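What follows is a short report on a single structure.
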Amino acid sequence: MAQDVSAGLRLGSILPVTAGVNPAGHLTLGGCDTVELAAEYGTPLYVFDDETLRAQCRAFTTSFGHRHPSTMVAYAAKALAGLAVLRLVAEEGMGLDVVSGGELAVALAAGFPPERIHLHGNNKAPSELREALDAGIGRIVVDNLDELALLDRIAGECGVTASILLRLSPGVDPHTHHKITTGILDTKFGISIQTGDAETAVIQALASPHLELLGFHCHIGSQIFEKEAYVETVEVMLGFAARMRDRHGYTLQEFSPGGGFAVQYVAGAPPPDPDVYAELVVDALHAACEAHGLPLPKLFVEPGRSIVARAGVALYTVGSHKEIPGVRTYVSVDGGMADNIRPAIYDARYEALIAGRAAAEPGDIVTVAGKYCESGDILIRDIALAEPRAGDILAIPASGAYCVPMASNYNAALRPAIVFVKDGAARLVRRRETYEDLLRTELG
Ligand code: LLP
């Protein structure tokens, strides 16, 4: 496992494990000076630390693998998809969860082994199902009864048997933000156990000539701190599996409780670490199997955020100030909601530091605003920074998940560049968009 040299640093547990401060007082990541990276590649810039990415992959594969050897950790590509990150994940021996034909195309372009890819989605297009079958991916996770019928027909037309999991909705509330809660009764995702639809789906799947029902999947939400929610989920799902065995002679071979493992965005709010989640899930699984006399299934887990969040740091250049005496001081940066919509959508909270004075004590409280034409384009409300001045580089840690993939061209913003850093070298893995890119799809 990578040595965490960031430990002595302010915000060290949120920054990548290689974070440091060089003699110039600049924040370094992967041995690279972030002020120099900003000068070379421009801002906003998303910097990803190779060592932190690999450390997170290994934390999950090891902690689950040593407790339940028949586990595949499938990275949820929606958190950050791109050739570099997907190749790294493949090298780490992991699987992949994709949710669209687009993510599948990127994964295949990265050379990701198709048999380790699972396709999710609550409204997969017939074309996406065909693409998945053509590529020979490992599993299709069927989300509803309509899709069961559709996939059976398409698999028949393609002359194949589709290996499926059923995405069930266990009715468990993990008490995270309501916009990232996905396993309660009132959700668009999955087939409800509570309403009886899940049993109907099992019967229908078992009777479908072109489908092989390998197991059950669920995903109750994201950024879940509540440990009991995983235990309850496993119990509900395995209880359902036992009923399906008793009533329909069905034996569960594979099981996935999804992803949702929380990450640390702000000081003082550390989530359970991967090992704790692994212990919870695996102990609950083993106990439930024993209680119901079920054989141990193959386990899939799908961390997204927890693989990439800590590895990514966003760099911005500070521009204008606006001081409203007695009210607030706004410090604007050259990015904002077009590259990180999370504060606007989820009230997500971040920390920040001035990259050129990384060891300085933060002073005045300011509000970091983006540059886009929306009052809601605020990246961080009320944060202490070390005297931010125009031209300074502002670093926002824990920006690795769901920022770049949710980036938009709002205000015709150019989506940012991404560099990977490792051992003092930076590699541009995605260039910044250009004005030509904005016009690429325009036909007049
Ligand atoms: N598996 C399934 C079926 C999912 O729907 C998701 C996330 C994951 C795994 C990965 O969850 P994670 O480990 O990353 O929490 N845009 C939101 C997050 C949406 C998550 C959607 N599904 C955000 O920025 O917080």
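The values are calculated or read from the model by the stated rules, or taken from the named source; none is laboratory data. Computed from a prediction, not measured in an experiment: that's the story for all the values here. Using ideal geometry, Cβ is built from the backbone for each residue, glycine included, and neighbour counts are taken over all protein chains shown. These area figures cover heavy atoms from the full protein model, side chains too; ligands, DNA and RNA do not enter into them. Shrake-Rupley method; radii C 1.70, N 1.55, O 1.52, S 1.80 Å.
Kindly identify the chain as rounded, prolate or oblate by the Cα gyration tensor criterion: order the square roots of the eigenvalues as a ≥ b ≥ c, call it rounded if a/c is under 1.5, otherwise compare a/b with b/c, prolate if a/b is larger, else oblate.
It comes out prolate by the Cα gyration axes.
Between Ile378 and residues 5 or more places away or on another chain, which pairs have amide H atoms under 5 Å apart, with H built 1.01 Å from N, and which residues are they?
Residues meeting the criterion, in which the H sits 1.01 Å from N, are Gly370.
List the relative contact order of the stretch 227-311 as a percent without decimals, with contacts defined as Cα pairs under 8 Å and 6+ residues apart. Mind dumping the intermediate values first?
Details: 89 pairs, mean separation 37.4, N = 85.
The normalised contact order for the stretch 227-311 reaches 44 percent.
Highest mean first, how do 102-108, 375-381 rank when packing is the count of other Cβ atoms within 10 Å averaged over residues?
102-108, 375-381
Take each of the peptides 145-158, 344-357, average the number of other beta-carbon atoms within 10 Å over its residues, and list them starting from the highest.
344-357, 145-158
Would you mind calculating the relative contact order of the stretch 208-357 from Cα pairs under 8 angstrom and at least 6 residues apart, reporting the percent as a whole number?
24
Net charge within 12 Å of Asp347 by Cβ-Cβ distance, Lys/Arg positive one each and Asp/Glu negative one each, not counting Asp347 itself? Spell out each step's value before the answer.
Numbers: positive: Lys179, Arg342, Arg349, Arg381; negative: none.
So the environment of Asp347 carries a net charge of +4.
Taking the Cα centroid of the stretch 28-73 and of the stretch 263-337, what is the distance between the two, rounded to the nearest whole Å?
13
Net charge around Arg415, counting only other residues with Cβ within less than 9 Å of its Cβ (Lys, Arg = +1; Asp, Glu = -1)?
In short, -1.
Go ahead and estimate [θ] at 222 nm for the chain from helices alone: -39,500 (n - 2.57) per DSSP H run with n ≥ 4, summed, over the residue count, rounded to 500. Present the calculation step by step, with values, prior to reporting the outcome.
Numbers: 12 runs with 133 residues, N = 444.
Roughly -9000 deg cm²/dmol at 222 nm, from the helical runs in the chain.
So with the 1.4 Å probe, I'd like the accessible area per residue for the stretch 204-276, rounded to whole Å².
About 37 Å² of surface per residue is accessible.
Can you tell me the dipole magnitude for the chain around its Cα centre, using point charges on the Cβ only (Lys, Arg +1; Asp, Glu -1), in Debye to the nearest 20? Numbers along the way, then the final one.
On the way: 36 positive and 54 negative charges, 62 e Å.
The calculation lands at about 300 debye.
Amide H to amide H, which residues 5 or more places from Glu212 or on other chains are under 5 Å from it, using H placed in the peptide plane?
Here Ala162, Ser163, Ile164 satisfy the definition.
Among Ala162, Ala359, Ala76, which one moves the most in a GNM of the chain with springs linking Cα atoms closer than 10 Å?
Ala359
Which percent of the accessible area of the chain is formed by carbon and sulfur heavy atoms (probe 1.4 angstrom)?
51
Place +1 on the Cβ of every Lys and Arg and -1 on the Cβ of every Asp and Glu in the chain, take the dipole about the Cα centre, and give the residue among Ala198, Ala338, Val282 whose Cα lies farthest towards its positive end.
Value: Ala338.
Once phi is turned into θ = phi - 60°, what whole-Hz ³J(HN,Hα) does the Karplus curve with 6.51, -1.76 and 1.60 give for every residue of the stretch 261-269, x standing for Gly and Pro?
Values, residue by residue: 5, 6, 10, 9, 9, 10, 4, x, 10 Hz.
Quickly rank 413-420, 187-194, 268-275, 382-389 as a protection proxy: mean count of other C-beta atoms within 10 Å, highest first.
Values: 413-420: 21.5, 187-194: 19.5, 268-275: 14.6, 382-389: 16.9.
Descending packing order for the listed peptides: 413-420, 187-194, 382-389, 268-275.
Would you mind working out the magnitude of the charge dipole of the stretch 205-341 relative to its Cα centre, with +1 at each Lys and Arg C-beta and -1 at each Asp and Glu C-beta, to the nearest 20 Debye?
It works out to roughly 300 debye.
Compute the signed sum of charges (Lys and Arg +1, Asp and Glu -1) over the other residues within less than 13 Å, Cβ to Cβ, of Ala77.
Residues near Ala77 contribute +1 overall.
Longer than 31 Å from Cα to Cα, which of Lys78/Lys227; Lys78/Lys322; Lys179/Lys371; Lys298/Lys422 are they? Say none if no pair is.
Lys78/Lys322; Lys298/Lys422
Before anything else, pin down the relative contact order of the chain: Cα pairs under 8 Å, at least 6 apart, normalised by residue count, whole percent. Each step should come with its number before you reach the end.
On the way: 1030 pairs, mean separation 87.6, N = 444.
Rounded, it is 20 percent for the chain.
Scan around Val21 for amide H atoms under 5 Å from its own, H built in the peptide plane at 1.01 Å from N, and keep only partners 5 or more places away or cross-chain.
Correct list: Thr28.
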